[in-house]
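Data block below; observations after.
The values are calculated or read from the model by the stated rules, or taken from the named source; none is laboratory data. Treat the numbers as computed from the prediction; the structure is a model and nothing was measured. Quick reminder, even Gly has a Cβ in these numbers, built from the backbone with ideal geometry, and neighbours come from all protein chains shown. To get the accessible areas, we keep the full protein, side chains included, count just its heavy atoms, and leave off ligands, DNA and RNA. Shrake-Rupley method; radii C 1.70, N 1.55, O 1.52, S 1.80 Å.
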Amino acid sequence: MNYNFFVKSNITFGRGAVEKLPELLKSYKLKNVMIVYDSGVKAAGIAGKVLEQAEKAGVNITIFDGVIPNPTNEIVESAAVTAKEAGIDGFVAVGGGSSIDTAKAINVLMTNPGKISDYAGMDMVKNPCLPLIAIPTTAGTSSEITNVSALIDTEKVIKYVVIDNKIVASDVIADPEFTRTAPPGVTAATGMDAITHAVESYISNMATPLSEYHSLKGLQILYKNVEKAVKNGSDMEAREQMMLGCIITGFGFSNANLGLVHGIAHTLSAHFGLAHGMANAAVLPYVMEYNAKSCPEKMTELAKAIGLPVTGNMDEDKYLLANELKMLTGKLGIRTLSEQGIQKKDFDMLAEDVLKEPVLGFNPRQNITKEDVTAILEKAF
């Protein structure tokens, strides 16, 4: 049997890695660079440190600091106009998934015609993109090394993805020091986002031995360190391990894809603006409980990987991970759906839209019904 496993980005990892930026910019012979980030990255002083390094390369810099959580088509297309007017020939994305996904999407429009929504789905980008250097400031989305950009279509009220190997960042500068300022709530939500990626990609019906290795190893690292990072944000060993686990997991899920957890989270974000990581975390344990009957062996393997005591009775062991995730989300202060402002009257509409999510095609349990989704929402409420 043949397997495909795609890896593109060159990665510079470790404290002080940002000092590599001038060399990278010069290596691409860039003249006009757009640096993409949000107000939080600016307020934390991280943007200033990146700008200081970029200026050493002697490039002309255009700043786009209008990134928002759950970036929209309008944001992307407005920024693309600015980039074209400035003659941008390369990008630096600084931040979490929203900043990096925004930069990826802008980059698509630099070399491909039309609107960004024209590229929704898999392998729709026709022309190669410009150089993009991703500098993550959270350990959660893995956007820095994946082939995915997640966006909101405000007209259709959906969250959709552009999935294409052409949009992967050319280089990654992973400096754990840039995650130090992330508050506990953000660290918890992004950490659970990464754990969601590890678990969903491991049980995905597209998983291969090559992707499974990364998903499993990533989960082990993330599970061991997430509580430490949330409890003490200055624990740089835990911060470094979280960033490492996030990247390793990204190799797995960008090749294996995700499933029902993300289908629900996308819908929650599109309709109610829920933060992606928090939406994932709220429903993750209950989706794993739902999926367990379709992949008991894999669910047991995940439990073993993080040291949970298996009994040898697969009818029981297949639920060990789901139960542990319930306890973990409680320890980390993950808010329930009701605490995030969702009301039961919305369940019917949400369930209908979840069933339209393409990502459900990769879920190990198929033939998902509206009643199944509603039951999961009830448990996460």
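Would you be able to say whether some residue in region 144-163 is at pLDDT 95 or above, open to solvent by less than 40 Å² (accessible area, probe 1.4 Å) and assigned to a helix (DSSP H, G or I)? So far as region 144-163 goes, no, none of its residues is at pLDDT 95 or above, open to solvent by less than 40 Å² (accessible area, probe 1.4 Å) and assigned to a helix (DSSP H, G or I). Those helices (runs of 4 or more DSSP H) of region 296-335 in which 2 or more residues are out of contact with any Gly (no Cβ under 8 Å at 6 or more places or on another chain) and crowded, with 17+ Cβ neighbours inside 10 Å occupy 296-305, 320-331.
Quick check, is Y213 surrounded by fewer than 24 Cβ atoms within 10 Å (Cβ to Cβ), touching a residue at least 12 places away in the same chain (Cβ under 8 Å) and in a strand (DSSP E or B)?
On the way: surrounded by fewer than 24 Cβ atoms within 10 Å (Cβ to Cβ): yes; touching a residue at least 12 places away in the same chain (Cβ under 8 Å): yes; in a strand (DSSP E or B): no.
No: the conditions fail for Y213.
Of the residues in region 266-282, at least one is surrounded by 23 or more Cβ atoms within 10 Å (Cβ to Cβ), assigned to a helix (DSSP H, G or I) and of a type in the set (S, T, N, Q). Restricting attention to region 192-235 and to residues that are within 14 Å of the chain's Cα centre (by Cα) and polar (S, T, N, Q), the residue that is nearest to F362 (Cα to Cα) turns out to be S201.
Here A238 meets the list (1) more than 27 Å from L360 (Cα to Cα); (2) in contact with an Asp or Glu (Cβ under 9 Å, 6 or more places away or on another chain); (3) in a loop (DSSP other than H, G, I, E, B) almost entirely, failing just condition (3). Here the condition is being of a type in the set (A, V, I, L, M, F, W, C), out of contact with any Lys or Arg (no Cβ under 8 Å at 6 or more places or on another chain) and at pLDDT below 95; of L302, L274, L268, it holds for L274 alone.
Would a scan of region 192-199 turn up a residue that is part of a helix (DSSP H, G or I), of a type in the set (S, T, Y) and in contact with a helix residue (DSSP H, G or I) (Cβ under 6 Å, 6 or more places away or on another chain)? Show your work before the answer.
Of region 192-199, the ones part of a helix (DSSP H, G or I) are 192-199.
Right, trim to of a type in the set (S, T, Y) and you get 196.
Okay, now just the ones that are also in contact with a helix residue (DSSP H, G or I) (Cβ under 6 Å, 6 or more places away or on another chain), so 196.
Checked region 192-199: at least one residue is part of a helix (DSSP H, G or I), of a type in the set (S, T, Y) and in contact with a helix residue (DSSP H, G or I) (Cβ under 6 Å, 6 or more places away or on another chain).
Find the residue count for region 94-115, including only residues that are over 19 Å from the mean Cα position of the chain (by Cα) and on the phi < 0 side of the Ramachandran plot. Spell out how you get there, then give the answer.
Here is the first cut: in region 94-115, the ones over 19 Å from the mean Cα position of the chain (by Cα) are 109-115.
Restricting the remaining residues to those that are on the phi < 0 side of the Ramachandran plot gives 109-113, 115.
Result for region 94-115: 6.
Is there a residue being part of a strand (DSSP E or B) and closer than 15 Å to G245 by Cβ anywhere in region 165-187?
If we filter region 165-187 for residues that are part of a strand (DSSP E or B), which is where we start, we get 171-174.
From what's left, closer than 15 Å to G245 by Cβ: 172, 174.
Within region 165-187 (the criterion being part of a strand (DSSP E or B) and closer than 15 Å to G245 by Cβ), the answer is yes, since at least one residue qualifies.
Just one of (1) part of a helix (DSSP H, G or I); (2) open to solvent by 20 Å² or more (accessible area, probe 1.4 Å); (3) farther than 16 Å from V354 by Cβ fails for Y290. It is (3).
Strands (runs of 3 or more DSSP E) fully within region 2-93 that include at least 1 residues being over 24 Å from the mean Cα position of the chain (by Cα), at pLDDT 95 or above and surrounded by 14 or more Cβ atoms within 10 Å (Cβ to Cβ): 32-36, 60-64.
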